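Reading through the structure tokens given below for one structure.
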Amino acid sequence: LKAADASNQYTLVVDGTHWGPRAAPMTAAAAVIKSDADDFEAKVRMSLPRDMTNNESDFCALILGLAAAQQLGVRKLVAQTDNDIVVLACMWGMSVKEPHLYVYRHFAVELFGCFESFELQQVDKKEIEGAKALARTVG
């Protein structure tokens, strides 16, 4: 995997997802880092505990993607998720119902500081289909 060109802006698309039968659901996190400027794309994914909530898996996907982008040398990043709670909690300090989500928020916000410029956006589900499909390849 080649290193990122630090002068380019990159997009990080993340998703945590649940699928499969109720008796044995699968949970995973995935992130896709890309840049049209240099035809760069990197993908990361991981299985998660089956009992994780959607919000937990989305926070994990964001943290996974941020850590990967930082390791690749990305300096300018726009991250995208379809989860409004993740965006509101991270960018605006909104309270979250589950106290343990504060730990995820803390790790994500700490990673924001690794980038020269950073933006977190809530996007439509259609915009994250690549990350969702990647997450569902974990078995």
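Quick rundown of the values:
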{"quantity": "Strands (runs of 3 or more DSSP E) contained entirely in the range 1-52, each with at least 2 residues that are closer than 20 Å to Glu98 by Cβ", "calculated": "9-19, 26-35"}
{"quantity": "Options Glu98, Glu110, Glu56, Glu127: the member that is open to solvent by 70 Å² or more (accessible area, probe 1.4 Å) and either touching a Gly at 6+ places or on another chain (Cβ under 7 Å) or in contact (Cβ under 8 Å) with a residue 12 or more places away in the chain (or both)", "calculated": "Glu127"}
{"quantity": "Single residue of the range 113-124 satisfying the filter (in contact with a helix residue (DSSP H, G or I) (Cβ under 9 Å, 6 or more places away or on another chain) and open to solvent by 30 Å² or more (accessible area, probe 1.4 Å)) that is farthest from Leu66 (Cα to Cα)", "calculated": "Gln122"}
{"quantity": "Flag for Asp84 being without any contact (Cβ under 8 Å) to a residue 60 or more places away in the chain, out of contact with any His (no Cβ under 9 Å at 6 or more places or on another chain) and more than 21 Å from Val123 (Cβ to Cβ)", "calculated": "no"}
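Okay, residues lined up against (1) under 14 Å from Ala131 (Cα atoms); (2) without any contact (Cβ under 8 Å) to a residue 12 or more places away in the chain; (3) of a type in the set (A, V, I, L, M):
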| residue | (1), (2), (3) |
| --- | --- |
| Ala31 | yes, no, yes |
| Leu64 | yes, no, yes |
| Leu77 | no, no, yes |
| Cys90 | no, no, no |
| Tyr102 | no, yes, no |
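The values are calculated or read from the model by the stated rules, or taken from the named source; none is laboratory data. Since this is a predicted model, take the numbers as computed values, not measurements. Please note: Cβ atoms are built from the backbone with ideal geometry, for glycine as well, and neighbour counts cover all protein chains shown. Ligands, DNA and RNA are excluded from the accessible area calculation, which covers all protein heavy atoms including side chains. Shrake-Rupley method; radii C 1.70, N 1.55, O 1.52, S 1.80 Å.
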